[in-house]
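This report concerns only the one structure given below.
Please treat every number below as a calculation from the coordinates, not as lab data. Everything quoted here is computed from the prediction, not taken from an experiment. Heads up, the Cβs are rebuilt from the backbone with ideal geometry, glycines too, and the neighbour counts pull from every protein chain shown.
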Amino acid sequence: MAEAIHSNIDPATTGSSRPAIGFRVLGLLPVIFFAAHFLHYLKAGGLGDMLWICHVSSLLLAAGLLLNRPLFIRVATLWMIIGLIIWALYLFAGGQWILTSLFVHVGGVIVGLIALYRVRADGRAWRYAMIWFLLVQQVARMFAPPELNVNVAHRVYEGAE
């Protein structure tokens, strides 16, 4: 289990134990997407919305790419895919359209899938993804307003009781 956390990107797919510089530079994109979305909420109010698992996973994806941690890439991409689906449902239900949200959700998933192609999926990543979710959920419980109910941190959503 510990080897999954600390394993480097597969040398067979990268040609060395260190990823190519372009692969690491790719890690800057999720940070840029997150920062743009953060600035939107800083101006508009509602920084609690930045604690959604898909938003925070942008930073985990960036860390995975920049620090050469495939497990971080796998976990972040999993949550970003789930977040993209939930965000799309939210929009179809009449939710508020925010341009920077497109960058975080669609751009983040694209970066994650490119990275996942390189590091490959792992059947054990879901376990770590659950731990990551529980951690982020508790942070949301502490810092996001209860009325936002970010990551189901305060109550089960209405209709799902």
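Quick check on packing: order 21-29, 151-159, 79-87 by the mean number of other C-beta atoms within 10 Å, highest mean leading. Could the numbers behind the result be given before it?
Details: 21-29: 14.8, 151-159: 11.9, 79-87: 19.6.
The peptides rank, most packed first, as 79-87, 21-29, 151-159.
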Practice item. Along Cα→Cβ, 7 Å out, is where each label goes; now give me the distance between the ones at Leu28 and Arg141 in nm to one decimal. Key: 3.9
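Classify the chain: rounded, prolate or oblate, from the alpha-carbon gyration tensor (a ≥ b ≥ c, eigenvalue square roots; a/c under 1.5 rounded; otherwise prolate if a/b is larger than b/c)?
Values: a/c = 2.13, a/b = 1.61, b/c = 1.32.
Cα axes put the chain in the prolate bin.
Helix check for the chain. Which DSSP H runs span at least 15 Å along their own axis by Cα, with a mean Kyte-Doolittle hydropathy no less than 1.6?
For the chain, where a helix must reach 15 Å along its axis and average at least 1.6, the hits are 53-67, 70-92, 108-119.
Where nothing but the Cβ of Lys and Arg (+1) and of Asp and Glu (-1) is charged, how large is the charge dipole of the chain around its Cα centre, in debye to the nearest 20? Please list the in-between numbers first.
Values: 11 positive and 7 negative charges, 92 e Å.
Roughly 440 debye, rounded to the nearest 20.
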